[in-house]
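Structure first, then comments.
The values are calculated or read from the model by the stated rules, or taken from the named source; none is laboratory data. Everything numeric here is computed off the predicted structure, so don't read it as measured data. No Cβ is skipped: glycine too gets one built from the backbone with ideal geometry, and neighbour counts run over all protein chains shown.
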There are 2 protein chains.
Amino acid sequence: MAFWYDETFEDRTRYGCKVSEVLFSERSAYQKVEVFDTVHYGRTLVLDGIFMTSEREEHFYHEMLVQPAMALVHEPGRVLIIGGGDGGTAREVLRHLVPHTVTLVEIDETVLRACREHLPTIGTCWDDPRLELIVGNGVSYVEHANAAYYDLVIIDGCDPVGPARGLFSVEFYRACERLLRPGGALALQAGSPILQHDQFIETIANLRQVFPRERVKPYFGPAPLYASDLWSWALASHELDWHAIIEDRAARVEPHTKYYNREIHRAAFALPNNLKRELGA
Amino acid sequence: MAFWYDETFEDRTRYGCKVSEVLFSERSAYQKVEVFDTVHYGRTLVLDGIFMTSEREEHFYHEMLVQPAMALVHEPGRVLIIGGGDGGTAREVLRHLVPHTVTLVEIDETVLRACREHLPTIGTCWDDPRLELIVGNGVSYVEHANAAYYDLVIIDGCDPVGPARGLFSVEFYRACERLLRPGGALALQAGSPILQHDQFIETIANLRQVFPRERVKPYFGPAPLYASDLWSWALASHELDWHAIIEDRAARVEPHTKYYNREIHRAAFALPNNLKRELGA
């Protein structure tokens, strides 16, 4: 009963996985939530027809969203994750000992339930006592949270369409910035700088309205499931130097990571030549 | 009359382009040669059902195959290209003034004809007097060429299946090494280190049988059309230091490149953590 499932990009390109079994399929208040067992990627989460994460390749995305920030923020004791309902981002944060509170705000209870039941190798930390799970709207949460409270805010949303659209606005970045303690940082995924080029440029421009221009740093790496050649994330802060890796902390996580290490960290900040021209130095 | 054309990977994943027009379709002595006009990538070369190169994204592959070597070899006066029938690799070499002879050995006359007619933005150098074009078998050419003649040998073949299989063997690498002058280097594409992981590891192992272990350097970058998240190339030599970029020469090419620059050069050699474990330092 295996079948091809394709994600189509604007009727221009498509990426397909051979699906061997449908493990979960429900329409939530926000989106269609599906978990497929696929031949190549293992179990795979699909939201509104978009491949989100899979057992085989999720480490690229989750390590790169989290580990660069964890190697730079001096004392990331309090971490806030907006989105991240598959649990992979929380797992990467909790590999470290220094966070004592990780607050995860996921809007869609159905995503949490599907992932907890079907993707246990991605979300391994649901029972960690340091994890505080909130089912709710991340935008509202950020608006109402205490100022200067978090050391690290991580935005782990979908692409800038659908329910996650608000997570890419200047207003939201400003609201996140308000939550940061001195020395804190914001980390986020910024989409494909090639396939979603215009949105990527806009995301960086929006961040530069809130943080000092030279402290907004996009960085790059692979994300196989997104079939878009190159993925991007960004870090923004008022103080951090992106080269000043806390060597001990990064060294302690390297035995556990599959993609990230200190050389990859430094390399990821190199700007492709055309983006360097467009973004300025 | 637009239709989807998919490249399938082992009945596991597939990558498709919406084709608006078939511009060329012939079966040569070696393979099926097609040029499609596609909505997303523009004109696209397909060999035996595998996407090879396209107007929109060919710069990633061609710049990364050529420019790192051109920034490292001291006097690349004589360059040999095995394969490369689309002309993109020759174009990248001929951006520089220092090569006085570029010999391109392509086995398939049909590929040359299709590309020359339909992909003029990729192969822009067919009439450059420095280019010597030979229609013939690259493996035989390398076996019979003069020893210690070339400053740079570039292997620009397909994946290690079909007519290009012989281009990934120890014997072929040994034959290429024989052609290198002192200070010369070999550059090649090494496939996807993720999707074609085992072949990638074997390619590096084969190169290490011919060149000193510490002088065989894989490097990485995006290659959108291959839908395989991360692509790899490798450089091998007896002498070169991969950090010792000839700054003037790289600086002169940067106004013309879309992906490559000196920061990208240095960054590309960072090894993903799992490959670092597998390959050793």
Is at least one residue of the range B:23-30 away from chain A (no Cβ under 14 Å), out of contact with any Asp or Glu (no Cβ under 7 Å at 6 or more places or on another chain) and under 18 Å from B:Gly191 (Cβ atoms)?
no
Sole residue being farther than 19 Å from A:His256 by Cβ, within 13 Å of chain B (Cβ to nearest Cβ) and surrounded by 17 or more Cβ atoms within 10 Å (Cβ to Cβ), chosen from A:Arg43, A:Arg14, A:Arg78:
A:Arg14
Search result, residues across the range B:257-279 that are over 18 Å from A:His265 (Cα atoms) and more than 7 Å from chain A (Cβ to nearest Cβ)
B:Glu278, B:Leu279
For B:Leu72, indicate whether it is in a loop (DSSP other than H, G, I, E, B), closer than 24 Å to B:Pro222 by Cα and at pLDDT 95 or above.
yes
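Tell me, which residue of the range A:247-256 that is out of contact with any Phe, Trp or Tyr (no Cβ under 8 Å at 6 or more places or on another chain) and crowded, with 16+ Cβ neighbours inside 10 Å is nearest to the other protein chains (Cβ to nearest Cβ)?
Per the stated criteria, the residue is A:Ala250.
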Please pick out the residue among A:Leu235, A:Leu225 that is crowded, with 21+ Cβ neighbours inside 10 Å and assigned to a helix (DSSP H, G or I).
A:Leu225
Taking B:Ala251, is it out of contact with any His (no Cβ under 9 Å at 6 or more places or on another chain), farther than 19 Å from B:Gly183 by Cβ and either aliphatic (A, V, I, L, M) or assigned by TED's automatic domain parsing to the domain that holds B:Glu177 (or both)?
yes
Strands (runs of 3 or more DSSP E) within the range B:1-54 that include 3 or more residues under 24 Å from A:Phe36 (Cβ atoms)
B:3-9, B:13-27
Tell me whether the range A:250-260 contains one or more residues that are among the charged types (D, E, K, R) and in a helix (DSSP H, G or I).
yes
Condition check for B:Tyr260: crowded, with 24+ Cβ neighbours inside 10 Å and either within 18 Å of the chain's Cα centre (by Cα) or without any contact (Cβ under 8 Å) to a residue 24 or more places away in the chain (or both):
yes
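Strands (runs of 3 or more DSSP E) wholly in the range A:75-169 with at least 1 residues that are of a type in the set (S, T, N, Q) and not assigned by TED's automatic domain parsing to the domain that holds A:Gly49 - which ones? So that I can check it myself, show each step before the final result.
Values: elements: A:78-83, A:101-106, A:131-135, A:150-156.
Once the strands (runs of 3 or more DSSP E) in the range A:75-169 are filtered for at least 1 residues that are of a type in the set (S, T, N, Q) and not assigned by TED's automatic domain parsing to the domain that holds A:Gly49, what remains is A:101-106.
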